[in-house]
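Enquirer: Okay, here's the structure, questions in a sec.
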Amino acid sequence: MSSQSILIGLLVLSLLPSFEGRYALVLGILSGVDPALSMLIATFSVLFLSTILPLVFPKIDNLMVWMLKSRKRIPVKIASAYFWRIKNLRLKVKPYLSKYGIPSLIFFVALPVPSSGVWTGALLAYLFGMDKIKSFLTLLIGGVASNLITFTLVTLGFQLPLPEVWKLF
């Protein structure tokens, strides 16, 4: 595999929900890509996702409004349940979000473990009703911190568990 295709593969993987930058970073280093270049790709993906996801997730509301307007029984029930859940979730979470919100979400995104990260953090920020600027900053800081933690662990020689899909590379 050429070095150019490895770099493109790393960039694509770094944008996927299950990989994100932190795992693409490890894969890049293990594939022989310069660690600084792997870190640059991972950081670019965090910047891109932190910018785009807070703009994309609110589009879910547009879809649900469209479903409500369809006047078909099942879509209306789904959309009504969605809006009811979102409203109640935001009411329950609001006191905690105002007290712990940004630092706790940064910590969550920064944890280099499966099911945390920029994608999940963006969804949580949206569900909690966090504004786009705070979401962006939270995701960016947490994502870059996750990359730095992963980069440090890998360069210090820690063995990180790799998903089965990595055997393809």
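Enquirer: Between (i) 34, 19, 13; (ii) 74, 16, 11; (iii) 33, 32, 14, which entry matches semi-axes √(5λ) of the Cα gyration tensor in Å as derived from the coordinates of this structure?
Expert: Computing semi-axes √(5λ) of the Cα gyration tensor in Å and matching it to (i) 34, 19, 13; (ii) 74, 16, 11; (iii) 33, 32, 14 gives (i).
Enquirer: Let me ask something additional. Rounded to whole Hz and in sequence order, give me ³J(HN,Hα) for the range 127-140 from the Karplus expression 6.51 cos²θ - 1.76 cosθ + 1.60, θ = phi - 60°, writing x for Gly and Pro.
Expert: For the range 127-140, the Karplus curve yields 4, 7, x, 5, 5, 5, 5, 5, 4, 4, 5, 4, 5, 5 Hz.
Enquirer: In debye to the nearest 20, how big a dipole does the chain give about its Cα centre with +1 on each Lys and Arg Cβ and -1 on each Asp and Glu Cβ?
Expert: It works out to roughly 1280 debye.
Enquirer: Another question, if that's okay. To the nearest 10 degrees, how steeply does helix 3-14 sit against the main Cα axis of the chain, on a 0 to 90 scale?
Expert: 30
Enquirer: Expressed as a rounded percentage, what relative contact order does the chain have, with Cα pairs under 8 Å and six or more residues apart?
Expert: The value is 26 percent.
Enquirer: Give the peptides 31-43, 75-87 in descending order of average Cβ contacts within 10 Å, highest first.
Expert: Values: 31-43: 17.5, 75-87: 13.8.
So the peptides 31-43, 75-87, ranked by packing, come out 31-43, 75-87.
Enquirer: Considering the dipole of the chain built from charges on the beta carbon (Lys and Arg +1, Asp and Glu -1) around the Cα centre, which of 53, 13, 155 is farthest to its positive end?
Expert: So the residue furthest toward the plus end is 53.
Enquirer: A further question follows. Rounded if a/c is under 1.5, else prolate if a/b beats b/c, else oblate: with a ≥ b ≥ c from the C-alpha gyration tensor eigenvalues square-rooted, which is the range 84-153?
Expert: prolate
Values in this text are rule-based calculations from the coordinates and carry no lab data. The shown structure was predicted, so the numbers you read here are calculated from the model rather than taken from an experiment. Heads up, the Cβs are rebuilt from the backbone with ideal geometry, glycines too, and the neighbour counts pull from every protein chain shown.
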